[in-house]
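Written out below as structure tokens is the structure these notes cover.
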Amino acid sequence: MDVPAKIKVGEFEIALLSDGLWRNDGGCMFGVAPRELWQREHPADDRNRIRLNLTCPLIMRGGAAVVVDTGIGNRLSSVERKIFDHGEGWLPDGLKALGMEPGDVTHVVLSHLHFDHCGGLVRRRPSGVLEAAFPRARVMVQRGELEIARGTRNERLRAAYRHIEECLAPLENALEPLDGDTELMSGVDIRVTGGHTHDHQIVAVRADGGGCFVHLADIVPTRSHMKGPWNQAYDLDALRTMEAKADYLGRAAAGGWWVSFAHDDRVLAAQVRNDRGRLVLDESIAMPALERGRG
Ligand SMILES: [Zn+2]
């Protein structure tokens, strides 16, 4: 595996890890945007699926190593692996390529508890047993997200969160529910956005001397979602997603921030620029090794 690309933000180094490429229904990914428009940049296969990534930024300073979201991991059944075209999960390989081990990860921040963000919390061993993938990490998620994921009786939400008991069972003691916006450490902020899920959260890193990096998770999952009305059909409150997106992307364009895209198959992260009222990518970091295809 190639050494993951890194961004410097002040004292922080941010490595853009990926848990691999996968596929999901294009219509679900773009909501009310017509296929005629989204398929230009995101061609669908014969099952209407588009290629996506699982970007998991690793934020490092001193001994701190914070992973934001964990991808799908290796716990899916063989049927699910075919549906989503995802294999073993690349996160452990990415850490290894950086000269790190899973035990070096000090924190995991989960934007929300859908399977493509929390699946990599656990690793399935050859025996079939699931273990914590990052044995020393404190795992942070909004309390509201946890409560809804575990307690909802709504059919749609129950389906969306059907994976979580398996993902959370091996790390009950590591879980740290958060109540709203939280400063994880100096320079690293967790902010609740809502929108995609009721308590969806994002992570922002800011340097003392200026410079900022933000992982907007499922608020702006691909470069195409920078367009206001292009939101996922999964979003519980698409109008809230639009507000959060306009706010963060506006500040990112004004301040030259780095923005990473949770699911873009080509661009891991980019600086965005306002080009006569339209947000466009400036300097960007490409997803390497696309030819590996199905991970
Ligand atoms: Zn997602």
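Taking every DSSP bridge with both residues inside the chain, close to 75 percent are antiparallel. Figure legend: label point modelled 7 angstrom from the Cα of S186 along Cα→Cβ; residues of segment 1-33 with amide N under 15 Å from it are 10-12. Evaluating 6.51 cos²θ - 1.76 cosθ + 1.60 at θ = phi - 60° for every residue in segment 190-200, the Karplus couplings come out as 9, 10, 7, 10, x, x, 5, 10, 4, 10, 4 Hz, glycine and proline recorded as x. The alpha carbon gyration tensor of segment 183-275 gives principal lengths a ≥ b ≥ c with a/c of 1.5 or higher and a/b no greater than b/c, which makes the shape oblate.
Step by step: find N for the chain, compute 2.2 N^0.38 Å, then divide the Cα radius of gyration by it. What's the final number?
Values: Rg = 17.6 Å, N = 295, 2.2 N^0.38 = 19.1 Å.
Cα Rg divided by the expected 2.2 N^0.38 Å: 0.92.
Using 0.36 nm per residue, how much length does the chain from L236 to K96 gain when fully extended, once their Cα-Cα distance is taken away?
On the way: separation 140, 0.36 × 140 = 50.40 nm, distance 3.65 nm.
Result for the pair: 46.7 nm of gain on full extension.
Considering only the Cα atoms of segment 225-295, their convex hull presents on average a projected area of 5.6 nm².
Any idea what the relative contact order of segment 42-100 is, in percent, if you count C-alpha pairs under 8 Å spaced at least 6 apart? All intermediate terms of the calculation are to be shown ahead of the outcome.
On the way: 39 pairs, mean separation 12.0, N = 59.
Answer for segment 42-100 is 20 percent.
Ordered by solvent-accessible area of protein heavy atoms (1.4 Å probe), largest first, the residues S127, S77 come out as S127, S77.
How much of the accessible area of segment 6-292, probe 1.4 Å, is carbon plus sulfur, in whole percent?
Ligands and nucleic acids excluded, carbon and sulfur give 49 percent.
Look at the dipole of segment 135-204 built from charges on Cβ: of G151, T182, L171, the Cα furthest out on the positive end belongs to G151.
Simple spin-label estimate for Q39 and R276 gives 3.0 nm between the two label positions (7 Å along the Cα-to-Cβ direction from each Cα). Computed over neighbours whose Cβ is under 11 Å from that of A253, the net charge equals +1, Lys and Arg +1, Asp and Glu -1.
Would you mind getting the accessible area per residue of the chain, heavy atoms of the protein chains only, 1.4 Å probe, in Å²? Intermediate results must be reported in sequence, preceding the final value.
Working: 12640 Å² over 295 residues.
Here the per-residue accessible area is 43 Å².
Rolling a 1.4 Å probe over the protein heavy atoms leaves W22 with an accessible area of roughly 10 Å².
The values are calculated or read from the model by the stated rules, or taken from the named source; none is laboratory data. Quantities reported herein were computed from a predicted structural model and do not represent experimental measurements. All Cβ positions, glycine included, derive from the backbone under ideal geometry; neighbour counts span all protein chains shown. Surface accessibility is based on the protein's heavy atoms, side chains included, excluding ligands, DNA and RNA. Shrake-Rupley method; radii C 1.70, N 1.55, O 1.52, S 1.80 Å.
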